[in-house]
Every structure is written in C-alpha cells, then in structure tokens.
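Comments concern the structure below.
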Amino acid sequence: MLSMMRMRLLIMPAVLLVACVAADPTDSSAPSTAPPTAGTAVDDSRLDERLEMVNRQIARRGVRDPLVLAAMRTTPRHVFVPVEWQRAAYADHPLPIGYGQTISQPLVVALMSEALELEPGERVLEIGTG
C-alpha cells in the first residue's frame, strides 16, 4: 500500500513527459505540432540541446536520480511545443504550448519527478492543472 506522502506525490500536477490538451480547432493559440504517440521513436533531431539542458540546468543543480536524468535526456521536449517555440524548447524557462498554457521549466519538471522516487518501469503522465 502506498504511503500518504507517496500518494500525494503521485497525484501532484505538472510532473513529466506528456501534456494532454483537448483540441479546439477554432482556437488560434492551438499548438501547431502534435506530441508523439506511445511506441514512436524518440526524435533525436535536437539531442545535443537535450543533453546540454540536462548537464547545465538539471544535473548541475542537484538532480541525481538516474531515472529522471535518463528521462530528461530522452524526452523530445521540442515536440510538445508549437513549431515557433521549438528552438527554445530546451531553454531554462517555461514555454507556451497553446490554449493559454505553458510547459514547465525543465528544472522544475526534473525536481518534481525526482521527488516521486520512481522505480524502474514506472511511468508518469503529466496532467497540468493550469
């Protein structure tokens, strides 16, 4: 049985990996790219940026969990933001994702994910509460 603290951590908002937004085709702020679906290959077109982000913004600031660091190294953050923001996807700040919402700063995502104390094989679904 999960402890109360672990349960709270499991349900905290804005954690990692997937942001789901109900699409409104009439909304001009809608993201112009769709996130990858389960089972698709990782987009390595910005791998160098991802690795630099992890080294400079996350590991240097104290995140040590190897599972979190691996997830941050392999998650193609740029596919979760509109095309016009993809160049800034690995920057040290939140970015707009459409519908008046943002994707969290990478360090915040890593810190919250590390706080979950994940075990190998566990997955996290981020459902923002903005």
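What to note about this one:
- In summary, Asn55 fulfils each of the numbered conditions (1) at pLDDT below 95; (2) open to solvent by 70 Å² or more (accessible area, probe 1.4 Å); (3) among the polar types (S, T, N, Q) with the single exception of condition (1).
- Residues of segment 105-130 classified as of a type in the set (Ser, Thr, Tyr) and open to solvent by 40 Å² or more (accessible area, probe 1.4 Å), total: 1
Each row is one residue, and each column tells you yes or no for (1) in a loop (DSSP other than H, G, I, E, B); (2) touching a residue at least 12 places away in the same chain (Cβ under 8 Å); (3) in contact with a helix residue (DSSP H, G or I) (Cβ under 6 Å, 6 or more places away or on another chain).
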| site | (1), (2), (3) |
| --- | --- |
| Ile58 | no, yes, yes |
| Arg64 | yes, yes, no |
| Val79 | no, yes, no |
| Arg87 | no, no, no |
| His93 | yes, yes, no |
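The values are calculated or read from the model by the stated rules, or taken from the named source; none is laboratory data. Computed from a prediction, not measured in an experiment: that's the story for all the values here. Neighbour counts run over all protein chains shown; Cβ positions are idealised from the backbone, glycine included. Heads up: the accessible areas ignore ligands, DNA and RNA and are worked out on the full protein's heavy atoms, side chains in. Shrake-Rupley method; radii C 1.70, N 1.55, O 1.52, S 1.80 Å.
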